[in-house]
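The values are calculated or read from the model by the stated rules, or taken from the named source; none is laboratory data. Remember, predicted model here, so these are calculated numbers, not experimental data. Cβ coordinates were reconstructed from backbone atoms using ideal geometry, including for glycine residues, and neighbour counts include every protein chain displayed.
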Amino acid sequence: MVDAIREVPARVIKGHGVASGRGNDIRYPAGTLALQMPFFRKQGLDLSGYYQGTLNLDITPYRFAYGKADFFFEGVDWSPHISPENFLFFGVTLLFRDQQYDGLVYLPDPATKTDHPQPANMLEVMMPRIIGIGYGDEVLITSTGDGLRFCKP
């Protein structure tokens, strides 16, 4: 990747709210993550230490590119409402108010995701609960592995 970097500033933005169940999607009243997490756990990824929702991070003017994920789950049939999806997870750290948090980028594979499209410069991140964080807050996100990189426009 030309001009690929590991760390970029980001801003917390509002998402669809379906991961946490706050988006009022009647198909997933407890959120999509509540339905997906048992599948991930069964295949070796325990997300119980994370908040059951995602932080949506706008990385404009950067974009992201990815290769081999830290965790990859293929054909997860987690809902009767949509076709099976692939999921990728990448290790990241988030710096907020001089405190560092370890987490994961949660990326439903765009090739298999049929609902709730995301902008190309937005990342969904799973973190432990971060007290005080809100929409508009500035953070620094760093990729901890080799599979996720940020690119200059």
Out of segment 64-117, which residues are in contact with a Pro (Cβ under 7 Å, 6 or more places away or on another chain), surrounded by 13 or more Cβ atoms within 10 Å (Cβ to Cβ) and acidic (D, E)?
E85
Selection within segment 134-144 - under 18 Å from Q100 (Cβ atoms) and either more than 15 Å from the chain's Cα centre (by Cα) or of a type in the set (A, V, I, L, M) (or both):
D137, E138, V139, L140, I141
Suppose we filter L35, L55 for residues that are in contact with a Leu (Cβ under 8 Å, 6 or more places away or on another chain), at pLDDT 70 or above and of a type outside the set (G, A, S); which single one remains?
L55
